[in-house]
Structure formats: C-alpha cells, structure tokens
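Visitor: The structure follows.
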Amino acid sequence: MEKFSDNNRAYLIRLNESLSKINDLELVKKRLTYIRWKVAENLDKLLFEFETNVKKTDANVLWCPDIATTIGSLNKHLKPFSKINFFKHNAVKHMVRELDMKVPEPSENPEVVVIGAKFILANTGNFYSIFNSFEEYEQMLSAKKIIVIAGIDSVLALQSELYLAKQLYSIFETGNLHYQTELLSRPGQVRGLNAEITLLLTDLNKNKLLDLPQHRPLFSLLNFDLPPVCPADSLKPSLDPWIEINTFESFLNAFMDDLNKNASVINSNYGFNILNQYLPYDIDLYDQVLDARSILHQTDKVSILNKFVDSDRSALALNAKKFADQEKFHKYAERNFFGIFNSSTF
C-alpha cells in the first residue's frame, strides 16, 4: 500500500505539472472525444481504408475477428522461432487474456517480439506503438520479426490526429507530456529495420461495445491504460500480471462479456465519478454506470409493489422527505432500480 501511495503521489505531481501547460483542457478533451466518436460511427469504412493503404506497399493485414483465427495466425508466424518476447502492451494483454494463453518466459535476445499498437492510422496505413522501457525498444530494433497486435479500437481516421491523441494519452497514462520511446511505422519490410513487421488486427469481443449507442464512448477507452490512481487495485493479492485486471478493465469487460452476466460489476461500482478526472476524454463514467443499471433492470420488472418492499431498496425508495417531488423520484428510480417506467405506472 505504501508503494502504491508513493507511485500515485509522484504521478499526480507529474500530471499537474503537465496539465498546467495546456491552456484549455476541456476543449482539448472534447476535440479528442469527437475524433474518437468519428471512429466508432465509421469503423467498418476506416478499417477497410487502413487495409487498402497497407496493401499499397505490398504488405497485408491479418484479420482476426475471433479466437480461432487469432490463434491460427499467431501460431503460423511464431512457429519458426524459439526466442519470443510478448511485451505487456494493452492490445497484447487483452489478446493473452481472451485466448487464455501461456506466455513463454522472456528472452534477453528475442528473435521475435510481439508488441501492441496504440493507434493505427486509416489514411496512411501506419501504426503507432509505445514501449515501457528502452530495453523493450532495443529488443524490438534487434528482432528478426515484429508481430504487432492492433485492436479494432485503436483506429484514428487521420495521421494528423495522432499528435493530439498521443499527447493526451501520455499525459493521463504517465503524467508526462510525451512517451519516452515510440515507433511510427507500417507493416511489411521497413527501411531502417532488419525485421519484417506483421500486423494482426483483432476484435475479440471489442465490437460489442458498439451495440448500444449510449455506451459507444466506452469503445474509446479500451486502448487507454488507467494510471495508478485506484486504491482498490492496490489491495489485490499479487496475481499473474498477464491475467490481472484492474477496476477500470473489469468495468469495460462487463460490456464486452454481457451486462447481465456481470451485473455485480455494474451495481457495486460507485467511484467512477472520481476517475473521470484521469481520463483523456470528455466521458462521464458515472453516467455510464447509471445507464447500465437502468438497462439491467429493464428485464427484471416483476411488479412495482415488489420493488418497493425489497429490503435492500425500501429505505431509499420510500424516503418521503428525500423524494417529495414525484418527478424527481421517477428519474432517480429509473436510473438506479427499475428502468424506464410505463406512463401508466403511477
């Protein structure tokens, strides 16, 4: 817990210093939110445009919409090699968890490195990656093959939007204005690198976040790494770092894996309004929680009377002083307990 406090304090110092250099943070957040909103609304078109631009240099995108295809593509490109390093990048960690993979022990001089793309750029066919250390970066430069895992959530429509996106991500993920080490490249044989770059474009249930329009903004958060600001995460026992999921990821996974199956994750979360200040987007997480609760309870309306006498809710629902205003009570109850009322209910 002490280590968490120290790390968090150091992060907040860096964050405040970096944010002080931005004139209008809210405007910048809104710009990035709009950029990513365009992606969610035009994903199919942008993914096709990305592939088209990759093929202009005689390279290919390996489409991996499901687990079987992803495993097949990965095995095909890893099979000839014995020294393989999987870097703990967001897209790679998501893939490892979804495939339930056993990751090999890291090698000091890997022949192949598996890295994650922070963003892929539709209008150029390029990808952008960041590295956790200079050691990772040097291993990538020395490898014979680089396998890039890019999630469908990582698209930007224009390369000109990359600077804003990577700066805001860097500020809120690390507290610093810029990442230490980064790579902007494209699949295929790249001038200046001895390695061939292969890009796997994965879905692995991420598209499910697009099904409900009110929750599409969450799609933008999938390739964002929450900084060390959630005390609940520091209390967890030490687990396999490839499998461990933080509070933020648990919340997002609930939407990808079926809200009804993960109702406890939604109903037990009350602190996401605090985390809003650590996001590079103009997204209200607490509002997303309330909307999710409303959806969960739309399917379990037994009767209004039973809802009122429920022992866990009656103290709130029948508090006459707090809800003397019937309209105010309706709005509160709809979002937290019952879903949308029929006009004839009251």
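None of the figures in this text is laboratory data; all of them are computed from the coordinates on show. From a predicted model like this one, the values you see are computed outputs, not experimental measurements. Here the Cβ positions follow ideal geometry from the backbone for every residue, glycine too, while neighbour counts run over all protein chains shown.
Visitor: Just report the Cα centroid separation between segment 214-275 and segment 1-80, whole Å.
Guide: The distance from the Cα centre of segment 214-275 to that of segment 1-80 comes to 17 Å.
Visitor: I've got another one for you. Classify segment 2-208: rounded, prolate or oblate, from the alpha-carbon gyration tensor (a ≥ b ≥ c, eigenvalue square roots; a/c under 1.5 rounded; otherwise prolate if a/b is larger than b/c)? Walk me through the intermediate numbers first.
Guide: Details: a/c = 1.70, a/b = 1.25, b/c = 1.36.
It comes out oblate by the Cα gyration axes.
Visitor: Is the C-alpha gyration tensor of segment 64-138 telling us rounded, prolate or oblate? Criteria: a/c under 1.5 is rounded; beyond that, a/b larger than b/c is prolate, otherwise oblate.
Guide: oblate
Visitor: On average, how much area does the Cα convex hull of segment 135-245 cover when viewed from any direction, in nm²?
Guide: Average of the hull's projected areas for segment 135-245 equals 9.5 nm².
Visitor: So what's the gap between the Cα centers of segment 181-208 and segment 105-149, to the nearest angstrom?
Guide: If you average the Cα positions of each part, the centres end up 8 Å apart.
Visitor: With θ set to phi - 60°, apply the Karplus curve 6.51 cos²θ - 1.76 cosθ + 1.60 along segment 3-14 and write out the HN-Hα couplings as whole Hz, x wherever there is a Gly or Pro.
Guide: 3J(HN,Hα) across segment 3-14, in whole Hz: 4, 4, 4, 5, 5, 5, 5, 5, 4, 5, 5, 5.
Visitor: Moving on to the next point. Please list the non-local residues whose amide H lies under 5 Å from the amide H of Phe119, H modeled 1.01 Å from N, same-chain partners needing a gap of 5 or more.
Guide: The list, which skips near neighbours in sequence, is Tyr128.
Visitor: Which of the chymotrypsin sites (Phe, Trp or Tyr not before Pro) found in segment 208-299 are loop residues per DSSP with 12 or fewer other Cβ atoms within 10 Å of their Cβ?
Guide: Taking segment 208-299 and a limit of 12 other Cβ atoms within 10 Å, the loop chymotrypsin sites (Phe, Trp or Tyr not before Pro) found are Tyr270.
Visitor: What pairs in Lys29/Lys79; Lys145/Lys261; Lys30/Lys102; Lys21/Lys206; Lys45/Lys145; Lys166/Lys261 have C-alpha atoms more than 32 Å from each other? Could you put the intermediate results ahead of the total?
Guide: On the way: Lys29/Lys79 43 Å; Lys145/Lys261 40 Å; Lys30/Lys102 40 Å; Lys21/Lys206 34 Å; Lys45/Lys145 29 Å; Lys166/Lys261 34 Å.
Listed pairs above 32 Å: Lys29/Lys79; Lys145/Lys261; Lys30/Lys102; Lys21/Lys206; Lys166/Lys261.
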